[in-house]
Amino acid sequence: MVKTSKSRAMLQAKCPRCRRGNMFEGATYSLGSNKINLNCPHCQMVFEIEPGYFYAAMYVSYAMNVAEGGFLWVATFLVTGNNDSPWLYLTMILGGLFILSPLNFRYSRVILLYWLSPKVHYHPELDIDTPVDGNNYKWFK
Ligand SMILES: [Zn+2]
């Protein structure tokens, strides 16, 4: 049985516990469907570990926006060489961040659950083809 790699699971926004179930309902850029599932459809993990858990994803999203804004600023300068117009930079940075906002929303939550949640671990025994109720397992032995 081939196990799902962490990088692939993160890229596809899969559940951090089983790496099989989708964390989100729809596609990244489909309108109105960028919602996170309450439970993993494969292992039943509750994604929002406690009420308001995803408020912490705002900090991750902020860091991502700052990095992307810096990248867009440098890229705009390298492509245009313009040093005079702040409107060019403002348009490029805000437009780019607007276009990237669905990705930031999604991957800030993925990063929060994969890297910044110490109690969430990968369980290879759940990384199987048939869906299981992972909540029946004893996780804390
Ligand atoms: Zn799962």
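Computed from the coordinates by the stated procedures, all read-outs in this text should not be read as laboratory data. Please read these numbers as outputs of a predicted model, since none were measured by experiment. With ideal geometry, Cβ positions are generated from the backbone for all residues, glycine too; neighbour counts draw on all protein chains shown.
If you rank 98, 47, 77 by fewest surrounding Cβ atoms within 10 Å, what's the result? Kindly include the intermediate steps, with their values, before the conclusion.
Working: 98 9, 47 21, 77 14.
Going from sparsest to densest Cβ surroundings: 98, 77, 47.
Run the dipole for the chain about the Cα centre, Lys and Arg Cβ at +1, Asp and Glu Cβ at -1, nothing else charged, and hand back the magnitude in debye, nearest 20. Numbers along the way, then the final one.
On the way: 13 positive and 9 negative charges, 103 e Å.
So the magnitude is around 500 debye.
So what is the 222 nm mean residue ellipticity for the chain from helices alone, if each DSSP H run of at least 4 adds -39500 (n - 2.57) and you divide by all residues, rounding to the nearest 500 deg cm²/dmol? Don't skip to the end; give the middle numbers.
On the way: 3 runs with 60 residues, N = 141.
Taken over the chain, the calculation gives -14500 deg cm²/dmol.
Which whole number in µm²/s is D for the range 6-135 by Stokes-Einstein, with the Kirkwood Rh taken over Cα pairs at 4 °C and 1.567 mPa s? Don't skip to the end; give the middle numbers.
Values: Rh = 16.3 Å.
Answer from the Stokes-Einstein relation: 80 µm²/s.
Out of every Cα-Cα pair in the range 84-123, what percent are more than 13 Å apart?
Numbers: 502 of 780 pairs.
Summing the P(r) of the range 84-123 above 13 Å gives 64 percent of all pairs.
Between 0 and 90 degrees, rounded to the nearest ten: what's the tilt of helix 86-115 against the longest Cα principal axis of the chain?
10
With point charges of +1 on the Cβ of Lys and Arg and -1 on the Cβ of Asp and Glu, referenced to the Cα centre of the range 6-135, which listed residue (58, 39, 100) lies farthest in the positive direction of the dipole?
The listed residue farthest towards the positive side: 39.
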